[in-house]
């Protein structure tokens, strides 16, 4: 088996590979990762066929592992473990390495030294309350995100803002990034200095993109959303920091 870095010629196949999990990725998503300047996707190849993948985001002192996936017909052969080992090798100098896991898979990651942080809810919006916010540039997005989540993901956020919509509250300071993807619109991250502004941003983002919009929330207790499933954030090294008084939605399952 060969592990190598993916290139743009692989992205069509990789998007189809993610369809088996219902992730709704397109080639454009992988191009977005490239554009961020802080991500790379590693693929596992057997006999010239791509049989697995993992995406790595370099957030300075934090390494984020995402999209660890093996083709159904190649599972049970240790490929996922080899991809994870490669990711940990590339992130060996990071203060923290983190990822999202299903509850069922936490035991597998525990064998690789990962510890449990906390659960988050992947939710879908079905309609309801609307919030008050406005489309306006906010010069504090990168610094607020860094203070709230504890790592520097400026490259990812710049691409999100370029391709999406940035909301600011009508009062107070904060931001919400909306991604109007036709396959799966999403809201996040949402960061604000107080709960009123944060919930206004979240509700405004969800209602703007409409029914079917997804988000990753610290709590599922939000009017108009249904929890689809829960994920567990795991980590190696230092425990990841999040200011839950200011974080009202995460950037997404792939971005942390």
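Points to keep in mind about this one:
- Candidates are the residues of the range 168-177 that are touching a strand residue (DSSP E or B) at 6+ places or on another chain (Cβ under 8 Å) and surrounded by fewer than 24 Cβ atoms within 10 Å (Cβ to Cβ); the one that is farthest from residue 247 (Cα to Cα) is 170.
- Residue 127 in contact (Cβ under 8 Å) with a residue 24 or more places away in the chain and farther than 27 Å from residue 32 by Cβ: yes
- The set of residues in the range 26-56 being without any contact (Cβ under 8 Å) to a residue 24 or more places away in the chain and surrounded by fewer than 15 Cβ atoms within 10 Å (Cβ to Cβ) consists of 28, 31, 47, 48, 49.
- For the range 8-25, the criterion of being within 16 Å of the chain's Cα centre (by Cα), farther than 18 Å from residue 105 by Cβ and buried (at least 18 other Cβ atoms within 10 Å of the Cβ) is met by at least one residue.
- Matching entry among 190, 214, 159, 231 (being farther than 21 Å from residue 22 by Cβ, in contact with a strand residue (DSSP E or B) (Cβ under 7 Å, 6 or more places away or on another chain) and modelled with pLDDT of 95 or more): 190
- When the range 107-157 is filtered for residues that are buried (at least 16 other Cβ atoms within 10 Å of the Cβ) and in a helix (DSSP H, G or I), the ones remaining, listed by number, are 109, 141, 142, 144, 145, 146, 148, 149, 154, 155, 156, 157.
The values are calculated or read from the model by the stated rules, or taken from the named source; none is laboratory data. Just so it is clear, the structure is predicted and the values come from calculations on it, not from any experiment. Ideal geometry is used to build each Cβ from the backbone, glycine not excepted, and the neighbour counts take in all protein chains shown.
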